[in-house]
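A short reminder: the numbers here are calculations on the coordinates, not readings from a lab. Just so we're clear, the structure is a prediction, and the values are computed from it rather than from any experiment. Virtual Cβ from ideal backbone geometry, glycine too; neighbours counted across all protein chains shown.
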Amino acid sequence: MFSLNTQFASGSGISSLGIELKSFLFQLITFIIVLLILRRWVFPKLVATLEARRKTLEESLVQAKQTQETLERAEASADKILHKARVQADAALADAQDQAKDVVAQAETAAETQAARVLKEAEQQLSQERDKLREQLKGELADLVVLTTEKVLRAKLNPREDAKLISKSIEELK
Amino acid sequence: MASFSRRQLAIYAVDQLLAKRPASEVSRHLAAALIAGKKQNQADLLLDDVAEQLESRGLVARATLTTATALSEELRARLTEQIKKAAGVAEVSLSEQIDPTVIGGFRVETTEHAWDETIARRLEQIKGGI
């Protein structure tokens, strides 16, 4: 202090630099007061606001990261679901194709069986009709033969021949 | 009075005839039995039963002869003798009927036997065999 005062007093210190001591002190005191005021009421609020913003930003970043992770997990899950769904769809399609083949095979078998049955029934019916027709023809032939024979016999058989026939039959009577 | 069956009456009648009882008397007994049993409408059936009894005992066979034309006496006699042998009876009462549908041959029917030697029957056999 002594040295400073000495320098001021001497006019060779600050004064030599063009700085007025009183003004300088006044400005210094004012600066200190302002600094104290700022430190007491402004800086805490400013720091708190900045800190709040920083926290908000950090939280936003964390949330964004979480959102990103959630999104990635969702995409992964979606991929898994899609893959699983695709696999299931392929399996279902394969099953459906197999079932369709089975249905077609069963239908073919049933159709073949039914066709064979219908054919067999038709053959049986045809055979029955043939037998019936044969019997009918046989009966008609028998009637025709007997009728013809009867007519011939009536024309040829006179009482004399009839007597011969009766005589022969009498011998055979038992 | 007890009621008798036709078979019992027929047996009684044959027994009485074999015992040389007069036929008129036996006939009266049978008529009385039929009237008593309220079987007057069964007189013909009773006669059939009597004929059956007579034939079964080897006495008399009542035979019905069917032919297409009338038989000669010689053939009738031979046929009667042959029926006696075949039926195993002592006598044959032959009644004849003409039926052109038999075509030829003869048919004889008694109460217990039947012989069909007609052409119509042989034709039926042929028809059945075809």
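Quick one: B:Leu47, A:Leu133, fewest Cβ neighbours within 10 Å first, how do they rank?
Ordered by Cβ neighbours within 10 Å, fewest first: A:Leu133, B:Leu47.
What is the antiparallel percent of DSSP beta bridges lying wholly in chain B, to the nearest 5?
Of those bridges, close to 45 percent are antiparallel.
Apply the Karplus parameterisation 6.51 cos²θ - 1.76 cosθ + 1.60, with θ equal to phi minus 60°, to every residue of region A:72-82 and state each ³J(HN,Hα) to the nearest whole Hz, in sequence, with x for glycine and proline.
Here the 3J(HN,Hα) series is 5, 4, 5, 5, 4, 4, 4, 4, 4, 4, 4 Hz.
If neighbour count is taken as other Cβ atoms inside 10 Å, put B:Ile119, A:Ile37 in order from fewest to most.
Starting with the residue having the fewest Cβ neighbours, the order is A:Ile37, B:Ile119.
Which of A:His83, B:His29 has the fewest other C-beta atoms within 10 Å, and how do the rest follow up to the most?
A:His83, B:His29
Compute the helix-to-body angle for A:159-172: its Cα long axis versus the longest principal axis of chain A, expressed 0 to 90° and rounded to tens.
On a 0 to 90 degree scale, this one is about 80.
For a Förster distance of 51 Å, can you work out the FRET efficiency between the beta-carbons of B:Ile35 and A:Asp131, rounded to the nearest 0.05? Write down the numbers at each step before the final one.
Working: r = 61 Å, r/R0 = 1.20.
Here the calculated transfer efficiency is 0.25.
Return the long-range amide H neighbours of B:Thr111 (sequence gap of 5 or more, or a different chain), with a cut-off of under 5 Å between placed amide H atoms.
Sorted by chain and number, the residues that satisfy this are B:Arg62.
Counting Lys and Arg as +1 and Asp and Glu as -1, each charge on the Cβ, what is the dipole of chain A about the Cα centre in debye, to the nearest 20?
920 debye
Below 13 angstrom from the Cβ of A:Ser127, what's the summed charge of the other residues (Lys, Arg +1; Asp, Glu -1)?
Numbers: positive: A:Lys120, A:Arg130, A:Lys132, A:Arg134; negative: A:Glu121, A:Glu123, A:Glu129, A:Asp131, A:Glu135.
Cβ neighbours under 13 Å give a net charge of -1.
Just to check I understand the Karplus step: with θ = phi - 60° and J = 6.51 cos²θ - 1.76 cosθ + 1.60, what whole-Hz values come out for region B:3-18, glycine and proline as x?
So the Karplus estimates, Gly and Pro as x, are 8, 10, 7, 4, 5, 4, 5, 5, 4, 4, 4, 5, 4, 5, 5, 5 Hz.
May I ask you to evaluate 6.51 cos²θ - 1.76 cosθ + 1.60, the Karplus curve with θ = phi - 60°, for each residue of region A:133-149 and list the ³J(HN,Hα) values in order in whole Hz, giving x for glycine and proline?
5, 4, 5, 5, 4, 4, x, 5, 5, 4, 4, 5, 4, 5, 4, 4, 4
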